[in-house]
1. Just to be sure I understand the model, the point goes 7 Å from the Cα along the line to the Cβ. What's the resulting Asn44 to Ala99 distance in nm?
2. Can you give the FRET efficiency for Tyr8 and Asn119, using 1/(1 + (r/R0)^6), R0 = 35 Å, r = Cβ-Cβ distance, to the nearest 0.05?
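Each reported figure results from applying straightforward, stated rules to the coordinates on display, with no laboratory input. The structure presented is a predicted model; accordingly, all values stated were derived computationally and were not measured. No Cβ is skipped: glycine too gets one built from the backbone with ideal geometry, and neighbour counts run over all protein chains shown.
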Amino acid sequence: MGHPSFGYLKILFPSLFTSNTESIKCETCIWTKNHRVTFPPNNNRVNSAFSLIHSDVWGPASNSHNNQFQYLLFVDDFSRMTWVYFLKHKSEVPDKFYAFYQMIHTQFGKKIQVLRSDNGGEFVNKSMQEFFRENGLIHQTSYPNPPQQNGVAE
C-alpha cells in the first residue's frame, strides 16, 4: 500500500527520474495527502439554561494507582457549565444521569429538555430510553463516526 520515499526510489531506480524532474507523480500519494474538509464552527446556542445538555463518556484513563477510571461529562449548551462524574464502569451512567437530572430539577427548578450524546450503549439502552419517555426528554444522538456532531462534549 505504499512505496519508499522518493530519495530511496531515486537511488534504486534512477531511470524513473529524468534530469528535469525531482519526483514522480504518484496518484496514491496525492490522494493520501488530501485533508478532510473541516466542519464549520457552530455558534448557535439555545435560549435558556438546561434546554440542551451535551454528554459524553471519556476513558478509561489510568491514575497514579494504576486504576482505570472513566469520566461522564454533562455540558449545558446555554452557559457551557460543565459537570464531571467519575466512573469505574460504564454501567454507572444511568444512575449518574438520574442523579444529575434530579439535581438540576431540585437546585435550579428546571427540567432538562434535550440530551445530546453519541450512540454509546450507555445512553442507548432500555432503561435510559424508558426514563427519557417517562420524563418527556428528547434524546438526540450523533452519527457514528464524526465526533464533531457532539463537539461540545467531545
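1. Between Asn44 and Ala99, the label points sit 3.5 nm apart.
2. 0.20
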